[in-house]
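The values are calculated or read from the model by the stated rules, or taken from the named source; none is laboratory data. As the structure is a computational prediction, the values presented were derived from the model and not from experiment. Glycine gets a Cβ as well: all are built from the backbone with ideal geometry, and neighbour counts include every protein chain shown. Each accessible area value is taken on the protein alone, full model and side chains, heavy atoms only, with ligands, DNA and RNA left out. Shrake-Rupley method; radii C 1.70, N 1.55, O 1.52, S 1.80 Å.
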Amino acid sequence: MSERKNAWIYASALRRQTNRRNVLIVTLLSTIFSSTASSNAQSPTGACQATDYKILTNGALAVKCLHSVTVAGRTASIGPPPPATGAATVFEVDIITVDSSWLLITPSAAAGPFSFVPTQKYALTLTYLAPDAQNPANLVATAETPLVLDFSNTFTVRGSKISTQPQHFIFESHIGLTDSGGSLLQQANPGDVPHPNQACSLLLENTSQRDVSVGGHCYELKPVSKLSVAAMQNIDPQWVGRIDVDLVGVSLLKSTLIPMGLPSGAAKYSNVFGIGPKIDPKSRISAQKAPATKDASAYYFNVNYAAGTGTAPGWELDGKVAPVLAMRDGFTIGPSATANVGGNKVPGQTYTDSIDLGGTVQRYFQPGISSKKPAKNQSKFRRRLSLVLPLLALNGTVTYETDKEFDRDNLIGAATVKYYFAHSNNTQSIQTLRNFYKKIAPLSDGDAAKVQLADIRVPPFGYEFDFHTGIEAGRAIRDKTVTATSGKASLVLPEYSIFRIVPQVHSILQFWKISTETTVVGRYLVATENTILQTKSNALHLEHLQTWRALCTATATYSDSSASHVGLTIKYTNGFDAPTYARVNSIQAGLLIKY
């Protein structure tokens, strides 16, 4: 199987199957299984390396390329798939205006009228100009691996890759749908309509072969009446032959269900050949796997309690709200709010007291891969680096740092680099995805489409280790009066500058349904920072710190399954956390909710 074929199978399967819990898992798997595709990313005049296609009419289609392209020196022809031989029809190649990674393929005027026959098999061959091997100064027409077109008209079903959408499912086919008047239907872009706005329902069958009707919300399907070449260039093909639905009813997704058709409203439509759509018999509706760590979660709430004799229970909240609002040029952008606070005095228990509010931007890089060169032309240093450090993440934040009493006013900018060394990420989710791609790699495109991620058994063991380096810089923007939590004592906290060097080590160990996540964060205070500490007698005193401060957190979690978003936890915390740097020492049990 050729490298391009492997890359195409990977990209297609990833689009159909992968839970997009976060960008991390997808990028790690891309690093492992499609480094060839990434390293061969070429200029806009290079190979298309098709990853998807959509049939727009009975004689025109759109092809998704691995990267943005131009039409310069590019041709297309459609004929019988290999090894069959026969005459091929020449097609025109244009760019889809709304997304330059899509090519519009339409019949050439010189070739005359053309219509697909859905019972026949076809293959699309694209050519592009590449340097002549004998004389690199000359460009010669080079044919890409033929792309076999599937006219089976089946819709595959996949769960959303976004962790905050556990009940969002996508029905997708390579062939566009049409309404009763024959107009091509294009689903509304979710970027223009943040939430599905039409009520719909979906008929499902459980393992006992009992039908269950589940309500939900769908996006509007808009007709495209004019299908001239110019009009089709303004279509966004990714929303053709696609139906998104948000189901209502978490309890139904505790088991795997079989979709019996398209969501109501869409079921009445036919495809561009006038044939009614059908569901791939291997498709399943199942719960999305929960994120393994706090770092991978968009929403994370861990509430813990500790009891003591003659006192109210002590409590601690470790919370995070960090939805991804936008993705652009590989960067994920969104707000971030974290809180790690506690209350009520239990003998021997002290709690962290920090609240961070701000925004974050993050991007993943493959430091050993140059996208401007093919794999065989990478430098020896880059090739060796990719074996040791296949992936790193760069994260930038702007944060307002305070405590639960809001008597700190710190404004901080931070930059962090997260290193993923080779063989350091082997969680149960990563192993499941790796086994999935191994299973589909030797299969044909049609057979690969039938394999579901839910068919892969979750391994019993898993682990992840990563290392961070970062800096935090800013200042306390004004003097603040700090009041004791008990009594009438108060003291002025003077403003100060902030510059910290922040290394961090993080690990997760998984066995069966139990996972243990450990994080050790060190801070070296380069600039002297001021803090006010409270003694046992409720007196306050001002301290000036220019030293190391560290915080260790270990959380053991039991969850019913890898898809469960709720778990029982035991959490141990010890050390000093910014901005107060008061001593923390607690062990508590509680409840975890994460998405």
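For residue 123, nonlocal amide neighbours, meaning residues 5 or more places apart or on other chains whose placed amide H falls under 5 Å from its own, are 79, 149. Cross-link pairs exceeding 26 Å in C-alpha to C-alpha distance, out of 226/268; 54/418; 438/594; 294/438, comprise 54/418; 438/594; 294/438.
Heavy atoms only, probe 1.4 Å: what % of the accessible area of region 50-151 goes to carbon and sulfur, would you let me know? Within region 50-151, the accessible surface is 58 percent carbon and sulfur.
Counting only protein heavy atoms and a probe of 1.4 Å, the accessible surface of region 481-587 is 62% carbon and sulfur. Were the residues from residue 45 through residue 490 laid out at 0.36 nm apart, the gain over their Cα-Cα distance would be 153.3 nm. Quick one: go through region 533-574 and flag any residue whose amide nitrogen is under 13 Å from the point 7 Å out along the Cα-to-Cβ line of residue 513. The answer is 557-569.
Only protein heavy atoms count here; on that basis, with a 1.4 Å probe, residue 400 has an accessible area of about 60 Å². What region 50-151 shows is 45 Å² of accessible area per residue, with the surface traced by a 1.4 Å probe over protein heavy atoms. When a/c is below 1.5 the answer is rounded, else prolate if a/b is larger than b/c, else oblate, so apply that to region 387-427 with a ≥ b ≥ c taken from the square roots of the Cα gyration tensor eigenvalues. Prolate is the answer for region 387-427, as a/c is 1.5 or above and a/b outweighs b/c. Once all protein chains are placed together, residue 455 keeps about 70 Å² accessible to a 1.4 angstrom probe. Ligands, DNA and RNA aside, residue 543 has an accessible area near 60 Å² when probed at 1.4 Å. Legend: calculated FRET efficiency, residue 333 to residue 570, from the Cβ-Cβ distance at R0 = 25 Å, rounded to 0.05, equals 0.10. Candidates 129, 60, 93 compared by Cα position along the dipole of region 50-151: farthest toward the positive end lies 60, with charges placed on Cβ.
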